[in-house]
């Protein structure tokens, strides 16, 4: 195990699955769990009022990342719940307005594709836009699919397997004047790619705390108003008035504060973090160059801390075993890796089956240590025949 005393520490390069918690965030979460543990719904004493103040501050910190209003933030258990709320929550509106057409893409996370499958089973027309070999959609393909009965468009910002950024600014521009709501799954990009998510045409944004050095178990759905109108989402849960009734339940104040602080730090340290990630990217590419690797996805339009590569020598599983005491990487989404199936993302890009089987996702952060990539190369060589 990487954390047993006296054993070498394995370099953690799986930050797309989850990031380490920033020490400052962890300290704040612990303080609120042990010293200021009031319920934000208790208004009759200082413990409750202090907890409410903490939540209010975190709401503002999350909103500031995307230039939203604090009252447009709904805290959730993570981006998966936010995605479900954003999609399934529109079902009653679609039935009321007789607008049952939804546009999304073939490379979305399962937290989008599975709710969409449920809506399709309930009579909605789900239209998935394909991607090119670089892993990007064309905004014109979205525009051409818009219809009078289009209710919702949902496009991820950064793909969780390749790191490739989708042209959400172009999608937003293409939807100008159309009443359809635009949702962006920003689990991988929130706090990392700032300007694109500040476009006011993006109506809904899903956020995850544990992708930005915050705690697991907390996220948010950002739902911008159009004038005075909020997105017509129906809650999936009932039983309390918290979060304007949209997401009832006792607010996890320590986790919310952790998300808020992590969001604030992400903005304040954005430039230095990005610079360090780019430096590490050069190290990864230079270190693995002797293997003549194949990069999956357009590196010119990708997050600076993610690479999806197919290495010659062996299937991804064999490479991960060879590297298990050196560096921790993955072969795709952490949500589906327990029962591995060929990546639907890479398959949608038109990659050959053998290249998909050899694909690894390497993702790091500004906190990541250096890796002995020469040793990593040595461990891969000789495992199998190289990719042709």
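Here is how the numbers come out for the structure above:
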| read-out | value |
| --- | --- |
| Members of segment 62-74 found to be buried (at least 22 other Cβ atoms within 10 Å of the Cβ) and farther than 16 Å from residue 183 by Cα, listed by number | 62, 65 |
| Residues located in segment 160-181, provided they are part of a loop (DSSP other than H, G, I, E, B) and either buried (at least 17 other Cβ atoms within 10 Å of the Cβ) or under 14 Å from the mean Cα position of the chain (by Cα) (or both) | 160, 161, 162, 163, 166, 167, 175, 180 |
| Segment 24-38 - residue that is at pLDDT below 90 and loosely packed, with under 14 Cβ neighbours inside 10 Å and, of those, nearest to residue 253 (Cα to Cα) | 37 |
| Residue tally, condition within 23 Å of residue 178 (Cβ to Cβ) and in contact with a helix residue (DSSP H, G or I) (Cβ under 6 Å, 6 or more places away or on another chain), over segment 80-103 | 5 |
| Positions within segment 209-236 being within 30 Å of residue 96 (Cα to Cα) and touching a strand residue (DSSP E or B) at 6+ places or on another chain (Cβ under 8 Å), in sequence order | 219, 220, 221, 222, 223, 224, 230, 231, 233 |
| Lone qualifier among 209, 217 - being surrounded by 22 or more Cβ atoms within 10 Å (Cβ to Cβ) and in contact (Cβ under 8 Å) with a residue 60 or more places away in the chain | 209 |
| Verdict on residue 104 being assigned by TED's automatic domain parsing to the domain that holds residue 230, under 21 Å from residue 226 (Cα atoms) and in contact (Cβ under 8 Å) with a residue 40 or more places away in the chain | no |
| Selected residue (criterion: surrounded by the most Cβ atoms within 10 Å (Cβ to Cβ)) from residues of segment 191-204 that are under 23 Å from residue 90 (Cα atoms) and in contact with a helix residue (DSSP H, G or I) (Cβ under 8 Å, 6 or more places away or on another chain) | 204 |
| Search result, residues across segment 234-268 that are within 19 Å of residue 305 (Cβ to Cβ) and free of Cβ contacts under 8 Å to residues at least 40 places away in the same chain | 268 |
| Segment 49-73: number of residues that are part of a helix (DSSP H, G or I) and touching a strand residue (DSSP E or B) at 6+ places or on another chain (Cβ under 7 Å) | 4 |
| Subset of segment 209-245 [more than 24 Å from the chain's Cα centre (by Cα) and assigned to a strand (DSSP E or B)] | 226, 229 |
| Check on residue 385, over 26 Å from residue 10 (Cβ atoms) and either at pLDDT 95 or above or surrounded by fewer than 19 Cβ atoms within 10 Å (Cβ to Cβ) (or both) | yes |
| Residue in segment 117-140 that is within 14 Å of residue 183 (Cα to Cα) and in contact (Cβ under 8 Å) with a residue 40 or more places away in the chain present | no |
| Check on residue 248, in a loop (DSSP other than H, G, I, E, B), in contact with a helix residue (DSSP H, G or I) (Cβ under 6 Å, 6 or more places away or on another chain) and not assigned by TED's automatic domain parsing to the domain that holds residue 91 | no |
| Sole exception among (1) in a helix (DSSP H, G or I); (2) under 25 Å from residue 306 (Cα atoms) for residue 29, by number | (2) |
| Residue 352 free of Cβ contacts under 8 Å to residues at least 40 places away in the same chain, more than 24 Å from the chain's Cα centre (by Cα) and either more than 24 Å from residue 21 (Cβ to Cβ) or assigned by TED's automatic domain parsing to the domain that holds residue 262 (or both) | yes |
| Index of the failed condition, residue 17 passing every other in (1) assigned by TED's automatic domain parsing to the domain that holds residue 364; (2) surrounded by fewer than 14 Cβ atoms within 10 Å (Cβ to Cβ) | (2) |
| Residue within segment 364-376 that is touching a helix residue (DSSP H, G or I) at 6+ places or on another chain (Cβ under 6 Å), within 24 Å of residue 189 (Cα to Cα) and outside any loop (DSSP other than H, G, I, E, B) present | no |
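Okay, residues lined up against (1) within 18 Å of residue 374 (Cβ to Cβ); (2) modelled with pLDDT under 95; (3) outside the structural domain of residue 80 (by TED's automatic domain parsing); (4) surrounded by 19 or more Cβ atoms within 10 Å (Cβ to Cβ):
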residue	(1), (2), (3), (4)
293	yes, yes, yes, yes
300	no, yes, yes, no
308	no, no, yes, yes
312	yes, yes, yes, no
324	yes, yes, yes, no
338	no, yes, yes, no
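Results for (1) in contact with a strand residue (DSSP E or B) (Cβ under 8 Å, 6 or more places away or on another chain); (2) surrounded by fewer than 13 Cβ atoms within 10 Å (Cβ to Cβ); (3) modelled with pLDDT under 95, shown as yes or no for each residue.
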| position | (1), (2), (3) |
| --- | --- |
| 238 | no, yes, yes |
| 246 | yes, no, yes |
| 257 | no, no, no |
| 266 | no, no, no |
| 274 | no, no, no |
| 281 | yes, no, no |
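The values are calculated or read from the model by the stated rules, or taken from the named source; none is laboratory data. Owing to the predicted nature of the structure, the values given are computational and were not obtained by experimental measurement. When we count neighbours, we look across all protein chains shown, and the Cβ atoms used for this are built from the backbone with ideal geometry, even at glycine.
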